[in-house]
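Q: This is the structure, below, for whatever I ask next.
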Amino acid sequence: MTWIISILNIFTNPLFYKITLTAATPFIFAALGGVFSEITGVVNIALEGIMLLGAFVSIVFTYLTGSPWIGVLMAMISGLGMAWLHAWASIKWYGNQIVSGTALILLAQGLTGFLMEPIFGKPGQTDFIGRIKDIKIPFVKNIPFVGEIIGELNPLVFIAIGLVFFSWWFLYKTTMGLRMRAVGENPEAADTLGINVYKIRYFGVLMSGILASLGGAFLSVGELGQFKELMTGGRGFIALAAMILGNWNPIGAFWACLLFGAAEAMNNQLQSSPILQISASTKPLFNMLPFIVTIIVVSGFIGRTRAPAADGVPYIKD
């Protein structure tokens with residue numbers, strides 16, 4: 001009975017929905033990045049590594065300049081660089097896209113771990129460096145319940161939501177988006193129509209790097225104001241699951257990200273519930289909740305989604 005009361009209290013608490021939006025934001029950025037890459041036919045599991053490096057670079061430049069927004073900009077540049085390496089290996093040299101992505105994840109983990117002590121003087125995590133301030137929307141903040149959810153949020157949350165609709169419009173309503181989808185479905189046919197398959201795929205992968213790095217920057221300068229080693233904690237892989245669940249569509253991926261964000265918010269609220277009084281020894285079990293939800297949901301949708309036909313297949317021009 002105690003559990004039922006606690007869960008009902010969570011769903012009637014606007015804080016739960018606010019945390020859901022906040023927790024979903026890094027998933028949204030990375031999932032959109034996955035959509036841009038894979039809709040052109042390039043698998044990018046390096047999202048986890050790109051997010052991690054983005055989180056680190058953003059906090060480093062916030063530390064050096066005092067401006068979190070400069071940190072975000074430099075994170076985007078780092079994501080662009082990581083994505084270029086993936087594109088160079090998998091598009092130009094027809095390398096195995098899974099191997100290339102895995103290598104970049106390991107590179108990001110090693111690089112961020114190695115540079116912690118030279119830059120910040122200690123390993124593990126930094127002190128509080130600085131974060132982007134939340135913005136208040138006065139006329140919304142005064143609305144009961146709704147105002148407590150969206151009346152005061154980090155600007156990157158609103159940027160993420162705006163990018164969802166922009167991405168949908170770009171991919172499904174513009175000539176460039178049509179070309180990207182054509183390359184992902186049938187690169188040979190696209191090539192015969194005069195579309196430069198390689199350039200389109202490079203564009204998709206580079207966009208994925210920029211977007212995923214924004215997800216990492218949100219974790220550090222958008223949310224915590226500090227960097228912790230391996231702070232992405234598998235969010236890049238959950239974002240890939242959201243992309244698959246959303247059927248490689250920005251709107252679908254957005255709803256999937258909200259689901260995974262809700263799982264993280266539920267974990268947060270259950271652990272902080274004064275009624276349940278969860279012990280420290282059982283907290284790791286609750287931390288697994290987002291991953292359990294991911295496994296269950298993705299398993300249930302296997303066979304019901306369809307990837308772009310040429311996804312993961314290198315294009316070798318005759």
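Since every read-out is calculated from the coordinates, none of them should be taken as a lab result. Computed from a predicted structure; not experimentally measured. Virtual Cβ from ideal backbone geometry, glycine too; neighbours counted across all protein chains shown.
Q: I'd like the Karplus ³J(HN,Hα) series for segment 28-33: coefficients 6.51, -1.76, 1.60, θ = phi - 60°, whole numbers in Hz, and an x wherever there's a Gly or Pro.
A: 4, 4, 5, 5, 4, x
Q: Something else now. Can you run phi through the Karplus equation (6.51, -1.76, 1.60; θ = phi - 60°) for segment 118-129 and list ³J(HN,Hα) in whole Hz, with x for Gly and Pro?
A: Whole-Hz 3J(HN,Hα) from phi for segment 118-129: x, 8, 9, x, 7, x, x, 7, 8, 6, 5, 9.
Q: In which sequence would 203, 128, 254 go, from the one with the fewest C-beta neighbours within 10 Å to the one with the most?
A: Listed from fewest to most nearby Cβ atoms, that is 128, 203, 254.
Q: Hey, another quick one. If you take the charge dipole of the chain about its Cα centre, with +1 on Lys and Arg Cβ and -1 on Asp and Glu Cβ, which of 214, 158, 272 is farthest toward its positive end?
A: After comparing all options, I get 158.
Q: Cα-based count: Lys pairs in the chain below 21 Å, eight or more positions apart or different chains?
A: Value for the chain: 11.
Q: First select every other residue whose beta carbon is under 15 angstrom from the beta carbon of residue 250; then total the charges, Lys and Arg +1, Asp and Glu -1.
A: Spelling it out: positives minus negatives among the neighbours equals +1.
Q: Enumerate the calculated ³J(HN,Hα) couplings along segment 233-248 in order (Karplus 6.51 cos²θ - 1.76 cosθ + 1.60, θ = phi - 60°), each rounded to whole Hz, writing x wherever the residue is Gly or Pro.
A: Ordered by residue, 3J(HN,Hα) equals x, x, 5, x, 6, 5, 4, 4, 5, 5, 4, 5, 4, x, 6, 6 Hz.
Q: While we're on this one: Based on the mean of other Cβ atoms within 10 Å per residue, sort peptides 155-166, 229-240, 307-318 so the most packed one is first.
A: Going by the mean number of other Cβ atoms within 10 Å, highest first, we get 229-240, 155-166, 307-318.
Q: Here is a follow-up. Relative to the present Cα-Cα distance, how much length would full extension add between residue 73 and residue 295 at 0.36 nm per residue of separation?
A: Between residue 73 and residue 295, full extension yields 76.6 nm more.
Q: Next up: Please list 114-127, 13-26, 205-218 highest first by mean number of surrounding beta-carbon atoms within 10 Å per residue.
A: So the order, starting with the most tightly packed, is 205-218, 13-26, 114-127.
Q: Per residue of the chain, what 222 nm ellipticity follows from adding -39500 (n - 2.57) for every DSSP H run with n ≥ 4, rounded to the nearest 500?
A: -22000 deg cm²/dmol
Q: How big is the charge dipole of the chain about its Cα centre, in debye rounded to the nearest 20, if each Lys and Arg gets +1 on its Cβ and each Asp and Glu gets -1 on its Cβ?
A: The calculated dipole for the chain is roughly 300 debye.
Q: Taking other Cβ within 10 Å of each residue's Cβ, how do 148, 223 sort, fewest first?
A: Ordered by Cβ neighbours within 10 Å, fewest first: 148, 223.
Q: Also: Let me check I've understood the local charge: for residue 204, count other residues with C-beta under 14 angstrom from its C-beta, Lys and Arg +1, Asp and Glu -1. What total comes out?
A: Value of the local net charge: +1.
Q: Compute the length gained on full extension between residue 193 and residue 111: take 0.36 nm times their separation in residues and subtract their Cα-Cα distance, giving the result in nm to one decimal.
A: Separation in residues times 0.36 nm, less the Cα-Cα distance, equals 25.3 nm.
Q: Need the full-extension length gain, residue 255 to residue 305, defined as separation in residues times 0.36 nm minus the C-alpha distance. One decimal, nm.
A: 16.5 nm
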